[in-house]
Structures are given as structure tokens and as C-alpha cells.
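The values are calculated or read from the model by the stated rules, or taken from the named source; none is laboratory data. Source: prediction; values computed, not measured. So basically every Cβ, Gly included, is an ideal-geometry build from the backbone, and we count neighbours across all protein chains shown. Accessible surface is based on the protein model in full, side chains and every heavy atom, while ligands, DNA and RNA are left aside. Shrake-Rupley method; radii C 1.70, N 1.55, O 1.52, S 1.80 Å.
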Amino acid sequence: MRSEVEASAAASAAPVSRFAGTLMDILDRVEYSRVRMDVADNPIYRLRYEAYRREESVPFNDTGTVVDDLDAAPNGMSFGVHIDGELVSSIRLHYLTPTHRHSPSMKAFPDLLGPMLDKGDRFIDPSRFTSDYEASLAYPALPFLTLRIAVMATVHFRATMCLALVRPEHTAFYRRVFQSEDIGGEVRTYPGLAFPVSLFGARVEQKRHHSIFSRYPFFMSTEEEREKLFARSMDENFETPQRANPRLAYERALLNEQFGPVAAAE
């Protein structure tokens with residue numbers, strides 16, 4: 001059975017823009033892998049180190065990796081993004097619930113998020129978005145390819161909101177693409193970072209998702225793709241690259257809009 005968000009995606013199916021079409025073509029070459037967070041020398045931790053060293057935001061260390069206490073949190077997940085088999089970026093997610101409250105945004109804004117969790121809200125909190133330097137030049141749209149994982153997680157876990165703990169100069173991107181709003185109300189510091197951060201959030205509402213999927217259909221996904229990335233019971237999928245498949249989700253949505261849910265049934 002489809003979720004309300006998937007139904008919204010179906011309703012928003014329309015001819016794609018040139019930009020969206022280009023992203024769809026690139027995503028045909030993309031694979032995502034969920035990595036084990038207890039492997040300290042995993043390539044994504046080295047990717048983090050190289051990215052942060054370029055900005056001189058972390059000191060030199062002999063291991064050439066960046067790992068922190070939140071990597072071992074029980075509600076954390078890390079992912080690698082591969083194009084043509086090469087690792088090009090990575091992202092970490094935390095699924096915040098009333099039971100599991102470990103995440104970067106909770107470290108910076110516990111007074112705000114704590115009461116919301118007490119009321120039953122649930123959040124996806126992306127962090128540690130880092131990319132290979134050459135890949136970032138070759139693929140300017142790499143942030144979209146990577147943040148698609150956070151969009152899929154928001155749908156899979158039926159989160160109330162997807163958070164964004166970001167530098168103030170990056171907030172315009174989140175406002176424009178995800179219609180995120182400033183929920184922190186102020187700029188704060190984060191342990192270990194040399195720059196201030198703001199807390200933004202995109203509420204998961206059917207109208208909002210309709211708008212986002214209509215403009216950016218490459219964010220759409222199938223239930224099968226989400227299950228392979230996020231289902232904890234499927235340990236065999238760890239470290240196994242999973243093909244990105246927004247095109248299948250988009251085509252199903254078009255069929256559903258034209259012929260009804262029976263045509264798009266599994």
C-alpha cells in the first residue's frame with residue numbers, strides 16, 4: 001500500500017524540466033550504499049577528512065579519518081554515493097524519536113527539539129555531507145544526488161520533519177529546494193566546528209511534498225528502494241551498492257495518474 005507521500009508524488013507527476021531530466025540521467029549511474037558505522041577506516045570517513053582538511057576545519061591526524069561519538073549512536077546511519085562505481089560523496093542520518101535522541105541538531109538545539117520529541121514528533125537529521133573535490137567540480141548537482149537519501153528517509157520513517165543544521169550562508173538552498181523554515185530562531189555554535197550554525201526544518205506535509213516532487217521528480221523513490229537502504233532487518237544490504245531508481249518511481253506515478261492505481265499496482 002502506498003503512503004500519502006507516494007500518493008502525492010503520483011498526483012504531481014508531470015513532464016520533467018531540463019535540469020530534472022539531467023539529474024535523472026545522472027541518477028541512472030548512481031548507486032547508494034549503507035555502510036557499517038563501526039568500521040573506523042571506512043572510505044567515507046577518509047572522504048570526510050579530506051573534505052574538512054580542504055577547509056581547514058579539522059586538524060591533521062595520522063589516521064586520515066574523521067569519526068565522532070554520533071557515528072556509534074543506535075539511531076545513526078551513514079551512506080556512500082557512487083557514480084560509475086566511484087565514491088563521490090557521503091552523508092550521515094540520525095532518526096530522532098522520543099526514545100532515541102542522539103543527533104547533531106539535538107546537541108545544538110536540545111531546548112527546542114526536546115519538547116517537540118516529548119510530544120511525539122520524529123525527525124530525520126542529516127549531517128556530515130561531504131564530497132570528493134573532483135566529483136564536486138564534475139557534478140555541480142551532487143548535493144541533490146546526495147540529499148535525495150535524506151528525502152527517502154523522511155518518507156520511509158514517516159518523519160514529522162527533515163532538519164538541516166547548516167551554515168547561515170547555506171540556508172537559501174534549503175529554503176528554495178525543500179521549503180525549509182528557520183525553526184531555531186538564532187545562530188548557535190556547535191562543538192568542534194569553527195563556524196556558526198542555524199537550524200532549519202522542512203515539515204512533511206502532503207501539499208509541500210506535492211510541490212517538491214513536482215519541481216524535483218528525481219527525489220521520488222519506490223518503496224523497494226527505500227526498504228533496501230533503511231530496513232534494519234536486511235543486514236545483507238549493508239555495504240552492497242543499491243541502484244538509485246527515481247525513474248521507476250516517476251514512471252509509476254505517470255501510469256497511476258493516467259490509468260489509476262490498478263495500473264501501477266505491484
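ALA153 - would you say it is under 14 Å from the mean Cα position of the chain (by Cα), at pLDDT 95 or above, under 18 Å from SER33 (Cα atoms) and open to solvent by less than 40 Å² (accessible area, probe 1.4 Å)? Yes: the conditions hold for ALA153.
VAL66 meets the conditions (1) open to solvent by 10 Å² or more (accessible area, probe 1.4 Å); (2) closer than 25 Å to GLU186 by Cβ in every case but one. The failed one is (2). Here GLU50 clears all of (1) touching a Pro at 6+ places or on another chain (Cβ under 8 Å); (2) open to solvent by 80 Å² or more (accessible area, probe 1.4 Å) except the condition numbered (1). Within the range 164-215, restricting attention to residues that are without any contact (Cβ under 8 Å) to a residue 40 or more places away in the chain and of a type in the set (Ser, Thr, Tyr), the residue that is farthest from LEU96 (Cα to Cα) is THR171.
Out of PHE123, PHE144, PHE129, PHE178, one residue alone is open to solvent by less than 60 Å² (accessible area, probe 1.4 Å) and modelled with pLDDT under 95. It is PHE178. Take GLY201 and decide whether it is at pLDDT 90 or above, surrounded by fewer than 14 Cβ atoms within 10 Å (Cβ to Cβ) and of a type outside the set (A, V, I, L, M). It is false that GLY201 is at pLDDT 90 or above, surrounded by fewer than 14 Cβ atoms within 10 Å (Cβ to Cβ) and of a type outside the set (A, V, I, L, M).
The residue that is farthest from PHE230 (Cα to Cα), counting only those in the range 1-51 that are at pLDDT 70 or above and hydroxyl-bearing (Ser, Thr, Tyr), is SER17.
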